[in-house]
Amino acid sequence: MFFKPSMRAFASRLTCVLAVCTMATTARAASEAAPVAPPAKITAPAAKTYKPKAGETLDQVIAKTMGSSPLSMGILRQAFIDHNPQGILPGKVPKLRKGTTLNLPDHEQLVRGVLASVTPLAAPSDSTPRAAPSTPEERKRWVQYP
């Protein structure tokens, strides 16, 4: 099945939204079943890193570190490039520099960003004027099909 590029991007984002909604529902059900313990100490999450092996490509690194992600490979690839300008040479096929340790992007933040880009804007408020119902005289001028 062939889609226009914009439809392919929309379908990819919709798949991500559905996967995230499923994960959120599963997490909510698990949290409701588990007893809630107070957090011991809130600290900032440590930045995760990955040291690529010789000959490893960026796509292989993404598959190893974020293989279960519902996000498309293009979104993940761009996130890696944005987080590692010193370690990835951009181009048609991004290449890893030898001996560089890559900083892994925050997956939850990426998902939130994708969801924010596909969620509809706020619904119009009730204060917006609505069209008055048509009168029988106006309906006589409507186009009718047999």
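No lab work stands behind these numbers, since they all come straight from the coordinates. Only a predicted model underlies this, so the values are computations on that prediction, with no experimental measurement involved. As a convention, Cβ positions derive from the backbone with ideal geometry for all residues, glycine included, and neighbour counts pool all protein chains shown.
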* Can you tell me how many residues in the stretch 48-71 are in a helix (DSSP H, G or I) and either in contact with a strand residue (DSSP E or B) (Cβ under 7 Å, 6 or more places away or on another chain) or farther than 20 Å from Glu108 by Cα (or both)? -> 4
* Could you list, in sequence order, the residues of the stretch 77-115 that are small (Gly, Ala, Ser), within 18 Å of Thr49 (Cα to Cα) and exposed (fewer than 12 other Cβ atoms within 10 Å of the Cβ)? -> Gly99
* Pairs under 8 Å by beta carbon, first residue under 28 Å from Val118 (Cβ atoms) in the stretch 75-99, partner surrounded by fewer than 17 Cβ atoms within 10 Å (Cβ to Cβ) and among the acidic types (Asp, Glu), six or more apart or different chains? -> Arg77/Asp59
* To do: Kindly establish whether Gly74 is out of contact with any strand residue (DSSP E or B) (no Cβ under 9 Å at 6 or more places or on another chain), surrounded by fewer than 17 Cβ atoms within 10 Å (Cβ to Cβ) and not in a helix (DSSP H, G or I).
  => no
